[in-house]
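Novice: Quick one: structure below, then a few questions.
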């Protein structure tokens, strides 16, 4: 019975996170320059919202919204190559692409396949700005 409760809780967690204001935002609703030093963009590109890699990546991300929000991540999605959003013009993806950017809006890593949130958070936690943030949050953790 306890495993049933855990399963129900885990499946509802992404919905709770979205209700609290964290979730994927379409690229046409997010201005790139407005994110400078405020958020770490995590951009998921695909040529169609029906792309299996895109669907898999969004499923992986939905399971860990709180972990991403803790790291000041903004999740941006772009599934319309014809729209030529400013995100596409700056990052120039081909097909499916996952791009992790730092708060200075420099691309840190690009992946042509879906990536697990554990790997994404590991990369983010190694970034110099994130290391500084962690020291400020926990000065004894030096």
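The values are calculated or read from the model by the stated rules, or taken from the named source; none is laboratory data. Keep in mind the model is a prediction, meaning the values are calculated, not measured. Positions of Cβ are generated from backbone atoms using ideal geometry, with glycine treated the same way; all protein chains shown enter the neighbour counts.
Novice: Can you give me the number of residues within region 75-85 that are surrounded by 14 or more Cβ atoms within 10 Å (Cβ to Cβ) and either in contact with a helix residue (DSSP H, G or I) (Cβ under 6 Å, 6 or more places away or on another chain) or farther than 14 Å from residue 100 by Cα (or both)? If you could, list the steps in order and put the result at the bottom.
Specialist: First, the residues of region 75-85 that are surrounded by 14 or more Cβ atoms within 10 Å (Cβ to Cβ): 75-81, 85.
The next check asks that each one be either in contact with a helix residue (DSSP H, G or I) (Cβ under 6 Å, 6 or more places away or on another chain) or farther than 14 Å from residue 100 by Cα (or both); those that pass are 76, 78-81, 85.
Number of matching residues: 6.
Novice: Shifting gears a bit: Filter region 49-68 down to the residues that are modelled with pLDDT under 95 and either surrounded by fewer than 17 Cβ atoms within 10 Å (Cβ to Cβ) or touching a strand residue (DSSP E or B) at 6+ places or on another chain (Cβ under 6 Å) (or both) and list them by number.
Specialist: Matches in region 49-68: 63, 66, 67.
Novice: Mind listing just one residue for me: the one in region 86-98 that is touching a strand residue (DSSP E or B) at 6+ places or on another chain (Cβ under 7 Å) and in a loop (DSSP other than H, G, I, E, B) and, of those, surrounded by the fewest Cβ atoms within 10 Å (Cβ to Cβ)? Explain how you work it out, then say what you get.
Specialist: So the first thing to find is which residues in region 86-98 are touching a strand residue (DSSP E or B) at 6+ places or on another chain (Cβ under 7 Å), and the list is 87-88, 91, 93, 96-98.
Okay, now just the ones that are also in a loop (DSSP other than H, G, I, E, B), so 93, 96.
Values: 93: 19, 96: 21.
Among residues in region 86-98 that are touching a strand residue (DSSP E or B) at 6+ places or on another chain (Cβ under 7 Å) and in a loop (DSSP other than H, G, I, E, B), the one surrounded by the fewest Cβ atoms within 10 Å (Cβ to Cβ) is 93.
Novice: Does residue 44 satisfy being loosely packed, with under 13 Cβ neighbours inside 10 Å and on the phi < 0 side of the Ramachandran plot? Let's see the steps before the verdict.
Specialist: Details: loosely packed, with under 13 Cβ neighbours inside 10 Å: no; on the phi < 0 side of the Ramachandran plot: yes.
No: the conditions fail for residue 44.
Novice: Still on this structure: For region 99-118, which residues satisfy the criterion of being surrounded by fewer than 14 Cβ atoms within 10 Å (Cβ to Cβ) and assigned to a helix (DSSP H, G or I)?
Specialist: 118, the sole residue that qualifies.
Novice: May I ask you to verify whether residue 37 is loosely packed, with under 14 Cβ neighbours inside 10 Å and closer than 28 Å to residue 136 by Cα? Talk me through it step by step, then tell me what you get.
Specialist: Numbers: loosely packed, with under 14 Cβ neighbours inside 10 Å: yes; closer than 28 Å to residue 136 by Cα: yes.
Yes; evaluated as a whole, the condition is true for this residue.
Novice: Evaluate the following for residue 16: is it buried (at least 17 other Cβ atoms within 10 Å of the Cβ) and either modelled with pLDDT of 55 or more or on the phi < 0 side of the Ramachandran plot (or both)? So that I can check it myself, show each step before the final result.
Specialist: Values: buried (at least 17 other Cβ atoms within 10 Å of the Cβ): no; either modelled with pLDDT of 55 or more or on the phi < 0 side of the Ramachandran plot (or both): yes.
Taking the combined requirement at face value, the residue does not satisfy it.
Novice: For region 67-85, which positions are assigned to a helix (DSSP H, G or I), more than 11 Å from the chain's Cα centre (by Cα) and closer than 18 Å to residue 23 by Cβ? Break it down into steps so the answer makes sense when it comes.
Specialist: The initial filter retains those residues of region 67-85 that are assigned to a helix (DSSP H, G or I), namely 67-70, 81-83.
Checking which are more than 11 Å from the chain's Cα centre (by Cα) leaves us with 70, 81-83.
Across region 67-85, the qualifying residue is only 70.
Novice: Being without any contact (Cβ under 8 Å) to a residue 12 or more places away in the chain and more than 12 Å from the chain's Cα centre (by Cα) is the filter; apply it to region 34-64 and report the residue that is nearest to residue 89 (Cα to Cα). Please lay out each step first, then the result.
Specialist: Just the residues of region 34-64 that are without any contact (Cβ under 8 Å) to a residue 12 or more places away in the chain, to begin with: 34, 50, 52, 55, 59.
With the extra rule that they be more than 12 Å from the chain's Cα centre (by Cα), the set shrinks to 34, 50, 52, 55.
Working: 34: 16, 50: 22, 52: 23, 55: 23 Å.
The selected residue is 34.
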